[in-house]
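Below is one structure, written out as structure tokens, with a few remarks after it.
The values are calculated or read from the model by the stated rules, or taken from the named source; none is laboratory data. As the structure is a computational prediction, the values presented were derived from the model and not from experiment. For neighbour counting, all protein chains shown are included, and Cβ atoms are generated from backbone atoms with ideal geometry for every residue, glycine included. Only protein heavy atoms, including side chains, enter the accessible area calculation; ligands, DNA and RNA are left aside. Shrake-Rupley method; radii C 1.70, N 1.55, O 1.52, S 1.80 Å.
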Amino acid sequence: MPLSRLNQEQLSAATAPFGHNLIIASAGTGKTSTIVARIAYLLQQGVKPEEILLLTFTNKAANEMIERIARFFDNETVKRIEAGTFHAISYKLLKKIGKKIALKQPKELKVLLKTIYAKRRFDHIDAAVKPYQSSYLYDLFSLYQNSEVELSFSEWLKKNESEHSAYFDIYEDVLEEFKEEKRAFSYVDFNDLLILLKNELQGVDNNLQFKEILIDEYQDTNTLQGSLIKAFTCNSIFCVGDYDQSIYAFNGANIKIIGTFKERYPDANIFTLDKNYRSSHMILSLANKVIEKNPRLYPKELKVTREGEFETPKLLVYNELFEQYQAIANKISCSRNLHSEIAVIFRNNSSADGIEASLREFSIKCKRKGGNSFFDSREVKAILDLVSLFVNPKDMMAFIHIFEYAKGIGAALSKELFDALLEIGGGDIKEAFFKPKNVENPFKKRVRNSQLGLFDDLHEIGSVGRFYSLGFDEVFLSNPVLKNSHISEEGAKFIYGFYRFLKESKTVKLPASLVEHAINSHVFEEIANFLAKKRGTLKDGSVDKKLVDEAKERIMRKAWLLRDLAKNYNDIFGFLNALTLGSSEMSEGDGVNLLSIHASKGLEFKEVYIVDLMDGRFPNRKLMNMGGGSLEEERRLFYVATTRAKDKLFLSFAKYDKIKKIEYVPSQFLDEAGLRN
């Protein structure tokens, strides 16, 4: 049975008396085994399985625990245990009591909110700041729901966003109508699930009774989740967590919930799991030196159980940023560990781009979790779409993806343009530009269908004379595609830029040269400007020029990184095929694990690299100054990252970034860890 496999501390916790129990389970101390053993103990004590509720933060964690319990109890018993995430359990219990709900994704409900928001006027208000856009208002309201249970939304805004006070009444009115619309259609989002269940639990009559509630990763609970736990009329809770691994403040997690446990429950039992089964004593010593700089909420002193000879954690110092990534890729290529047992952990998504590209140069597979893959970024996709269209002029999706960026064109007109070019070029859009057939009207009309909401759409033929002043060459001006009256001057310039890219790339043979042509094209310039502006737009709708410039710099960094990667190939088809096949390996299959710190939580690896340990990047000073951020939170992130390592730990930093022309100083965490003394 599970209890027989526990150490003394785990056994004491697993067999704790009914009541309020908090188990401080540091990294690698066997918290999952303890929770599984606790459930087994409850069943042995005669608690019915349906009287046990297990709340986790991932379905994977819940499934793993249930699978382990199933090794010792019959399937019928195990199936009756209520186990899952806060949201999954809330949905299941609400359906169980007959609540009519239609769960919707946030992006769907944002569209609904936008239709309500669009009916409001804000221009009559003279305020120093612009009103929030509807999408941000939704996100802000969601954060409010997760972090506040007493104040009204306006009161909370006044406390946190007082400069928007002129708009508070309008915001409230918009959100009230939004709630009414959701009620009318029984729409709920993830927060609504918890709020609805809490309201049901606070009612006089409900059949949702449990003998004990177990909560995994208790340090990550937010105020809303905490209030839901409290709403259950349950006299026994078993909370397992570690305040040193509380790293979700940006998402509303409230470390005070675990920190004030003894104050809220004076009769509480506090257990500490102090034996680490994961890391070598040198890795654990380094992690503890840093985390001890944070205030101690509960006393704990970890003991190492692993015996044997292990390598001392190593500090890797490089002169230049990209040199760091290439050197780490080289070290990984020489490692004796399986690639699946190696992780590169990053604080900032941009750090992973260089690592991912460098690993590809060594033909090392990798899978990436947390942040977006380098090959999935919109700027890299755009360059590859341009290259793909040059190689395969019949690639409709690549064409639509590119032309959606053109002002005044969009997805629908992009498809019409592509179909028209195919007709003009006899099935080849290159031919459509260089040897166009004389087609009077290449744009097909759509057939009327009142049931589908379609109507006769006879395209009015426009005069190409409206484009004569734009400096286009005669070959391009003679193209029938320009007769579409919906094409604006900006749209025509974009099409002309695409035409010039195809024309100037005719004699290109090498992949790197073709990528460079794409980067230098008018088309990519427009795309880069669009993306940079979008990424530099603040939550209130205003554009920050500094952020735009920084975004443009990052976009171009990725673009030239792709060009450098293309230098390893002599054949354009080989280049595209390698990236097409390789990009899918970023998220699945075997290979080196590229992980954000948040994504690495709960995992362990024989060999770990933590990159870009420079002040400003880690700790991330920018995020420290945002909501929920702090030096203590950054230090907890460092602790989580280092304690993923079992045998080998490498910490690296670079002195200089040649693209940004920035000199770096080492992270203070390296000093705190005793690596630079």
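For region 163-219, which residues satisfy the criterion of being assigned to a loop (DSSP other than H, G, I, E, B) and either at pLDDT below 90 or in contact with an Asp or Glu (Cβ under 7 Å, 6 or more places away or on another chain) (or both)?
Correct list: S186, D189, Q202, G203, V204, D205, N206, N207, L208, Q209, F210, K211.
Just one of the numbered conditions (1) closer than 17 Å to Y639 by Cβ; (2) modelled with pLDDT of 90 or more; (3) open to solvent by 20 Å² or more (accessible area, probe 1.4 Å) is not true of L286; which one?
(3)
From D274, D242, D267, grab the single residue that is farther than 26 Å from N199 by Cα, touching a residue at least 40 places away in the same chain (Cβ under 8 Å), buried (at least 20 other Cβ atoms within 10 Å of the Cβ) and of a type outside the set (A, V, I, L, M).
Going through D274, D242, D267 in turn, just one is farther than 26 Å from N199 by Cα, touching a residue at least 40 places away in the same chain (Cβ under 8 Å), buried (at least 20 other Cβ atoms within 10 Å of the Cβ) and of a type outside the set (A, V, I, L, M): D242.
Is there any pair with a first residue in region 160-187 that is without any contact (Cβ under 8 Å) to a residue 24 or more places away in the chain and a second that is part of a helix (DSSP H, G or I) and open to solvent by less than 70 Å² (accessible area, probe 1.4 Å) whose Cβ atoms are under 7 Å apart and which are 6 or more apart or on different chains, and what are they?
Note: pairs meeting the criteria are F168/S154; F168/L157; E172/F153; E172/S154.
Could you identify the single residue in S147, S165, S154 that is surrounded by 19 or more Cβ atoms within 10 Å (Cβ to Cβ), in contact with a helix residue (DSSP H, G or I) (Cβ under 9 Å, 6 or more places away or on another chain) and of a type in the set (S, T, Y)?
When all the criteria are applied, what remains is S147.
In region 335-386, what count of residues is obtained for those that are modelled with pLDDT of 90 or more and charged (D, E, K, R)?
Going through region 335-386 one residue at a time, the tally reaches 4.
Only one of G602, G629 is open to solvent by 40 Å² or more (accessible area, probe 1.4 Å) and small (G, A, S); which?
None of the others qualify; the one that does is G602.
Quick check on region 248-271: of everything there that is in a loop (DSSP other than H, G, I, E, B) and under 12 Å from T221 (Cα atoms), which residue is modelled with the lowest pLDDT?
Checked region 248-271; the qualifying residue modelled with the lowest pLDDT is G252.
Consider region 492-523. How many of its residues are open to solvent by less than 20 Å² (accessible area, probe 1.4 Å), part of a helix (DSSP H, G or I) and farther than 17 Å from L576 by Cβ?
Adding up the residues that qualify gives 7.
If you take the residues of region 605-620 that are in contact with a strand residue (DSSP E or B) (Cβ under 6 Å, 6 or more places away or on another chain), farther than 15 Å from G354 by Cα and touching a residue at least 60 places away in the same chain (Cβ under 8 Å), which of them is surrounded by the most Cβ atoms within 10 Å (Cβ to Cβ)?
Result: V608.
Here is a yes/no grid of residues against (1) farther than 15 Å from T115 by Cα; (2) more than 29 Å from the chain's Cα centre (by Cα):
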site	(1), (2)
K130	yes, no
S142	yes, no
S147	yes, no
E150	yes, yes
E155	yes, yes
E161	yes, no
D169	yes, yes
K182	no, no
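Could you please give the count of residues in region 1-55 that are of a type outside the set (D, E, K, R) and open to solvent by less than 20 Å² (accessible area, probe 1.4 Å)?
So the answer is 28.
Can you name every one of the helices (runs of 4 or more DSSP H) wholly within region 328-411 that holds 3 or more residues which are surrounded by fewer than 18 Cβ atoms within 10 Å (Cβ to Cβ) and under 26 Å from the mean Cα position of the chain (by Cα)?
Here the list reads 349-361.
Do you know which residues across region 207-233 are open to solvent by 20 Å² or more (accessible area, probe 1.4 Å) and in contact with a Lys or Arg (Cβ under 8 Å, 6 or more places away or on another chain)?
Hits for region 207-233 are K211, S227.
Looking only at region 272-297, which residues are polar (S, T, N, Q) and in a loop (DSSP other than H, G, I, E, B)?
Result: S279, S280, N294.
What strands (runs of 3 or more DSSP E) completely inside region 17-128 contain at least 2 residues that are touching a residue at least 60 places away in the same chain (Cβ under 8 Å) and closer than 24 Å to L273 by Cα?
Counting at least 2 such residues, we get 20-25, 52-56.
Could we say that A61 is surrounded by 15 or more Cβ atoms within 10 Å (Cβ to Cβ), modelled with pLDDT under 90 and either touching a Lys or Arg at 6+ places or on another chain (Cβ under 6 Å) or closer than 30 Å to K303 by Cβ (or both) here?
yes
Tell me which residues, restricted to region 481-491, are part of a helix (DSSP H, G or I) and open to solvent by less than 30 Å² (accessible area, probe 1.4 Å).
Result: V481, L482, G491.
Scan region 522-551 and report the pairs whose first residue is within 24 Å of F122 (Cα to Cα) and whose second residue is among the charged types (D, E, K, R), with Cβ atoms within less than 7 Å and a gap of 6+ or a chain change.
Correct list of pairs: G536/D544; L538/D544; D540/K130; G541/K130; S542/K130; V543/K533.
Within region 565-620, restricting attention to residues that are modelled with pLDDT of 90 or more and among the β-branched types (V, I, T), which residue is farthest from the chain's Cα centre (by Cα)?
Result: V608.
Of all residues in region 1-30, how many are charged (D, E, K, R) and modelled with pLDDT under 90?
1
Does region 92-100 contain any residue that is open to solvent by 30 Å² or more (accessible area, probe 1.4 Å) and on the phi > 0 side of the Ramachandran plot?
Yes; the residues of region 92-100 include at least one that is open to solvent by 30 Å² or more (accessible area, probe 1.4 Å) and on the phi > 0 side of the Ramachandran plot.
In contact (Cβ under 8 Å) with a residue 24 or more places away in the chain and either in a helix (DSSP H, G or I) or more than 23 Å from R554 (Cβ to Cβ) (or both): does that describe F638?
Taking the combined requirement at face value, the residue satisfies it.
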